[in-house]
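No value in this document is a laboratory result; all are computed from the given coordinates. These numbers come from a predicted model, not from an experiment. Positions of Cβ are generated from backbone atoms using ideal geometry, with glycine treated the same way; all protein chains shown enter the neighbour counts.
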Amino acid sequence: VQLQASGGGLVQSGGSLRLSCQASGRTSSRYTMTWFRQAPGKEREFVGIMWSRGSIYYADSVEGRFTISKDNAKNTVFLQMNSLKPEDTAVYFCAAGRPDSGSYNYPRGYDYWGQGTLVTVSS
């Protein structure tokens with residue numbers, strides 16, 4: 001599976017961005033898709049997940065502000081980010097894999113990664 005992330009950029013606090021992650025590969029639709037982010041000097045952290053059967057779950061820090069959706073025809077997962085805050089500044093990564101309940105929010109739960117896209121939120 002190959003993942004191509006895009007959509008990052010510079011936005012003011014309170015603004016919005018939509019990230020995209022296009023997956024390719026014969027079995028890409030069978031994988032759980034997840035977004036992580038990594039701020040400078042910090043570990044990669046879980047943002048939100050769309051399980052392979054469609055259920056969605058978010059980290060507390062983004063719940064109510066971020067939304068994950070999917071366009072099955074385009075094999076693309078989106079991360080709509082609203083009400084952005086300076087602390088949302090990070091490189092955002094999409095990942096694909098078959099995690100379980102104990103690994104879904106850790107990078108080790110995923111086999112495939114996009115290249116990352118930088119989101120910068122100015123105050």
- Message: Can you give me the C-alpha center-to-center distance between segment 1-42 and segment 46-110, rounded to a whole angstrom?
- Response: 8 Å
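In µm²/s, what is D for the chain at 4 °C and 1.567 mPa s, where D = kT/(6 pi eta Rh) by Stokes-Einstein and Rh is the Kirkwood radius from Cα pairs?
91 µm²/s
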- Query: Once the dipole of the chain is set up with Lys and Arg at +1 and Asp and Glu at -1 on Cβ about the Cα centre, which of M50, T27, C94 lies farthest towards its positive end?
  - Reply: T27
- Rg to Rh ratio, segment 61-123, alpha-carbon atoms and Kirkwood radius? 0.99
